[in-house]
Amino acid sequence: MNSIFANVPRQLRRAGAPTLLIHPDDAAPRGIGAGDEVRVANARGSFVAVAEVSDRIRPGVVASTKGHWPCNSKEGATVNATVDERDSDMGGGAVYHDNRVRVDKTS
């Protein structure tokens, strides 16, 4: 959600919690099931999301939603916590779409 709608209660409810799309082959060895809370982390930081287990994503890759605000997220962090703040070497653009992360079930 952009800043225009960030504090609209209806939009916050509609957006729901941050989610993490994970392939069943990656979820199973970690004991992760659909709807489980997971921590996504790397050396830069971590955030908490709700697992969505699906074969819509390939094994070895996870995907998370963006657009959630830290103040509305559990532990005050979003996917941006795992992102490098540097600019890309090709064109000086953002590098936030690809990350190496670890995924663990929180409970």
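Tabulated values for the structure
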quantity: Boolean, Ala17 is part of a strand (DSSP E or B) and either farther than 15 Å from Arg102 by Cα or of a type outside the set (Lys, Arg) (or both); calculated: no
quantity: Subset of the stretch 40-53 [within 14 Å of Ala27 (Cα to Cα) and open to solvent by 20 Å² or more (accessible area, probe 1.4 Å)]; calculated: Val50, Glu52, Val53
quantity: Residue ID - farthest from Gly35 (Cα to Cα), chosen from residues in the stretch 91-107 that are modelled with pLDDT under 80 and open to solvent by 40 Å² or more (accessible area, probe 1.4 Å); calculated: Ala94
quantity: Counted residues, the stretch 23-36 - those being charged (D, E, K, R), buried (at least 16 other Cβ atoms within 10 Å of the Cβ) and not in a loop (DSSP other than H, G, I, E, B); calculated: 1
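The values are calculated or read from the model by the stated rules, or taken from the named source; none is laboratory data. Everything quoted here is computed from the prediction, not taken from an experiment. Note: ideal-geometry Cβ built from the backbone for every residue, glycine included; neighbour counts use all protein chains shown. Only protein heavy atoms, including side chains, enter the accessible area calculation; ligands, DNA and RNA are left aside. Shrake-Rupley method; radii C 1.70, N 1.55, O 1.52, S 1.80 Å.
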